[in-house]
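Asks: Once you've had a glance at the structure underneath, I'll fire off some questions.
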Amino acid sequence: MRRLRMGMIGGGPGAFIGPVHRLAAEMDREIELVAGVFSSDASRGAAAADAYRIEPARAYASLDAMFTAERAREDGIDFVSIVSPNHHHLPAARAALAAGVAVMSDKPLTATLAEAHELAALVHAAALPFGVTYTYSGYPLVREARARVAAGALGKIRKVVVEYPQGWLAGEAVGKQAEWRVDPARAGLGGCIGDIGVHAFHLAEFITGLSVVELLADLGAVVPGRALDDDCTVLLRFDNNARGVLLASQIEVGELNGLRIRLYGETGGLVWYQERPNTLTWHTLDGRTEVIHAGGSQLGPDAASHTRTPAGHPEGYLEAFANLYRDFAALLRGEPAPLLPGIAAGVRGIEFIATAVAASREQAGWVKL
């Protein structure tokens, strides 16, 4: 079975997420990065090609150049990963789909809701595999939590609390990674809500299997002069009448990447914390607490099949990312990958961002999602 060949759009020098995508994609030796449009600057593109150890000739200056050249090769790319800032996502995906190339896109799907709907139509028309890297859905114990909720371990879900605190934007936004995230022209309509709040939202719906039907949002730009939100509080109502709260912030000094979700049902509760991802805590109504370990023999098939090491050997962010690429490789080979977020999950995330931003700006109270 040959390795699938990946092209990358974005991920040039100074980028954080490009190398992460490359490492994750290649972890299981099913995929190899072979080409890319890493930067609009030729010298930076060449530097990226050297860093990624790919042929200099396959560092292209434009999307058209890459798709034209790769189509003419016997060993041309099978798909592209879009790892550029949000405003690039739609034009990059549009060009790929027009060239008949499958797409793995970073989140959020696009910069605006209109763009998301346009892209969804293009994906459906092209009938090509399309994935979205909601990274945290790749963690084995997140998938275990989803399976246990679906099996009724908590009974009917009553309460969902999902938090995503960071502190790295509490001061002036300095550096490439910070600057584009606070720029509406590049980040799109949401700041913190689009960068990390959408991860929390997807995690809540992914694990519970429920849909948010209403929300009440309070989004703020706390740092003076900032145009986009950096602190978010969103109350949620789910389609089974459960209530929830989503807290996302990038101005909480001292916080690193503290994504945490707590689920409470009629008969139990589940807690998962991204900074300690190898344990899942299960509380039962009779007072017992069970700690479920990644790699343990008690895991169901969804978690076990995406675990690489025995219990006690920690797995984390890169492995979760790699699980999404493993799922995407299965799609490209014509196999099922039901847990991989696709175009519908991408559009859903943009709908959440757009609704929360508008509701907060207009002080509209509870609004339908």
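The values are calculated or read from the model by the stated rules, or taken from the named source; none is laboratory data. Predicted model, so just to flag it, every value in this text is computed and none were measured. Positions of Cβ are generated from backbone atoms using ideal geometry, with glycine treated the same way; all protein chains shown enter the neighbour counts.
Asks: Which residue, of 64, 50, 75, is surrounded by fewer than 16 Cβ atoms within 10 Å (Cβ to Cβ), touching a residue at least 40 places away in the same chain (Cβ under 8 Å) and over 23 Å from residue 188 (Cβ atoms)?
Replies: Working: 64 fails: touching a residue at least 40 places away in the same chain (Cβ under 8 Å); 50 fails: touching a residue at least 40 places away in the same chain (Cβ under 8 Å).
Exactly one of 64, 50, 75 is surrounded by fewer than 16 Cβ atoms within 10 Å (Cβ to Cβ), touching a residue at least 40 places away in the same chain (Cβ under 8 Å) and over 23 Å from residue 188 (Cβ atoms), namely 75.
Asks: Next question, about the same structure. Filter region 80-104 for residues that are more than 17 Å from the chain's Cα centre (by Cα) and crowded, with 24+ Cβ neighbours inside 10 Å and give the result.
Replies: Going residue by residue through region 80-104, those that are more than 17 Å from the chain's Cα centre (by Cα) are 91-92, 94-102.
Correct list: 96 only.
Asks: Just give me the residues in region 195-219 being aliphatic (A, V, I, L, M) and either out of contact with any strand residue (DSSP E or B) (no Cβ under 6 Å at 6 or more places or on another chain) or in a strand (DSSP E or B) (or both), in sequence order. Let's see the steps before the verdict.
Replies: Of region 195-219, the ones aliphatic (A, V, I, L, M) are 196, 198, 200, 203-204, 207, 210, 212-213, 215-217, 219.
Listed by number, the residues that qualify are 198, 207, 212, 213, 215, 216, 217, 219.
Asks: Sticking with this one: Picking from 135, 110, which residue would you name as being crowded, with 17+ Cβ neighbours inside 10 Å, under 30 Å from residue 72 (Cβ atoms) and within 20 Å of the chain's Cα centre (by Cα)? Break it down into steps so the answer makes sense when it comes.
Replies: On the way: 135 fails: under 30 Å from residue 72 (Cβ atoms).
Unique residue meeting the criteria: 110.
Asks: Pick from region 116-139 the residues that are in contact with a strand residue (DSSP E or B) (Cβ under 6 Å, 6 or more places away or on another chain) and touching a residue at least 40 places away in the same chain (Cβ under 8 Å): which of them is nearest to residue 258 (Cα to Cα)?
Replies: At the first step, the residues of region 116-139 found to be in contact with a strand residue (DSSP E or B) (Cβ under 6 Å, 6 or more places away or on another chain) are 123, 128-132, 139.
With touching a residue at least 40 places away in the same chain (Cβ under 8 Å) added as a condition, the list becomes 123, 129-132, 139.
Details: 123: 33, 129: 32, 130: 28, 131: 25, 132: 22, 139: 15 Å.
The residue in question is 139.
Asks: Quick test of your reading of the structure: residue 118 fulfils all but one of (1) touching a Lys or Arg at 6+ places or on another chain (Cβ under 9 Å); (2) not in a helix (DSSP H, G or I). Name the failing condition by number.
Replies: All conditions pass for residue 118, except number (2).
Asks: Something else now. Would you check if there is a residue in region 68-86 being among the β-branched types (Val, Ile, Thr), assigned to a helix (DSSP H, G or I) and outside the structural domain of residue 179 (by TED's automatic domain parsing)?
Replies: From region 68-86, those among the β-branched types (Val, Ile, Thr) are 68, 77, 80, 82-83; that's our starting set.
Now drop any that are not assigned to a helix (DSSP H, G or I), which leaves 68.
In the following step, the residues that additionally are outside the structural domain of residue 179 (by TED's automatic domain parsing) were identified as 68.
There is at least one residue in region 68-86 that is among the β-branched types (Val, Ile, Thr), assigned to a helix (DSSP H, G or I) and outside the structural domain of residue 179 (by TED's automatic domain parsing).
Asks: Check region 8-22 and report whether any residue there is in contact with a Pro (Cβ under 8 Å, 6 or more places away or on another chain) and either buried (at least 21 other Cβ atoms within 10 Å of the Cβ) or in a helix (DSSP H, G or I) (or both). Break it down stepwise before answering.
Replies: So the first thing to find is which residues in region 8-22 are in contact with a Pro (Cβ under 8 Å, 6 or more places away or on another chain), and the list is 10-11.
So of that shortlist, the ones also either buried (at least 21 other Cβ atoms within 10 Å of the Cβ) or in a helix (DSSP H, G or I) (or both) come out as 10-11.
Yes, region 8-22 contains a residue that is in contact with a Pro (Cβ under 8 Å, 6 or more places away or on another chain) and either buried (at least 21 other Cβ atoms within 10 Å of the Cβ) or in a helix (DSSP H, G or I) (or both).
Asks: Ok, one more. Evaluate region 220-238: report whether one residue or more is surrounded by 17 or more Cβ atoms within 10 Å (Cβ to Cβ), in contact with a Ser or Thr (Cβ under 9 Å, 6 or more places away or on another chain), outside any strand (DSSP E or B) and in contact (Cβ under 8 Å) with a residue 40 or more places away in the chain.
Replies: Scanning region 220-238, I find at least one residue that is surrounded by 17 or more Cβ atoms within 10 Å (Cβ to Cβ), in contact with a Ser or Thr (Cβ under 9 Å, 6 or more places away or on another chain), outside any strand (DSSP E or B) and in contact (Cβ under 8 Å) with a residue 40 or more places away in the chain, so the answer is yes.
Asks: Please find, within region 267-309, the residue that is nearest to residue 152 (Cα to Cα) out of those that are in a loop (DSSP other than H, G, I, E, B) and of a type in the set (S, T, N, Q). Full working, then the answer.
Replies: So in region 267-309, the residues in a loop (DSSP other than H, G, I, E, B) come out as 267, 274-275, 285-288, 294-300, 305-309.
Next cut, of a type in the set (S, T, N, Q) only: 267, 274, 297-298, 305, 307, 309.
Numbers: 267: 9, 274: 23, 297: 20, 298: 16, 305: 21, 307: 23, 309: 28 Å.
Here the answer is 267.
Asks: Sticking with this structure for a sec: Within region 121-132, take every residue that is at negative phi and outside any helix (DSSP H, G or I) and give me the one that is surrounded by the fewest Cβ atoms within 10 Å (Cβ to Cβ).
Replies: This residue is 128.
Asks: Can you name the number of the only condition in (1) outside the structural domain of residue 16 (by TED's automatic domain parsing); (2) closer than 27 Å to residue 19 by Cβ that residue 158 fails?
Replies: Unmet for residue 158, out of (1) outside the structural domain of residue 16 (by TED's automatic domain parsing); (2) closer than 27 Å to residue 19 by Cβ: (2).
Asks: What single numbered condition from (1) over 17 Å from the mean Cα position of the chain (by Cα); (2) at pLDDT 95 or above fails to hold for residue 194?
Replies: Unmet for residue 194, out of (1) over 17 Å from the mean Cα position of the chain (by Cα); (2) at pLDDT 95 or above: (1).
Asks: If you don't mind, there's one more thing I want to ask. For region 314-369: of the residues being in a helix (DSSP H, G or I) and among the polar types (S, T, N, Q), which is surrounded by the most Cβ atoms within 10 Å (Cβ to Cβ)? Please lay out each step first, then the result.
Replies: Here is the first cut: in region 314-369, the residues in a helix (DSSP H, G or I) are 317-332, 343-362.
Narrowing further to those that are among the polar types (S, T, N, Q): 323, 355, 360.
Numbers: 323: 27, 355: 20, 360: 21.
Per the criteria, the residue is 323.
Asks: Spot the failing condition for residue 186; the list is (1) in contact with a Leu (Cβ under 6 Å, 6 or more places away or on another chain); (2) within 18 Å of residue 84 (Cα to Cα); (3) charged (D, E, K, R), and only one is missed.
Replies: It is condition (1) that residue 186 fails.
Asks: Which residues, counting only those in region 99-115, are in contact (Cβ under 8 Å) with a residue 24 or more places away in the chain and either aliphatic (A, V, I, L, M) or under 15 Å from residue 68 (Cα atoms) (or both)? Give the steps one after another, and end with the answer.
Replies: So in region 99-115, the residues in contact (Cβ under 8 Å) with a residue 24 or more places away in the chain come out as 99-113, 115.
If the condition is that a residue be in contact (Cβ under 8 Å) with a residue 24 or more places away in the chain and either aliphatic (A, V, I, L, M) or under 15 Å from residue 68 (Cα atoms) (or both), then 99, 100, 101, 102, 103, 104, 109, 111, 113 are the ones that fit.
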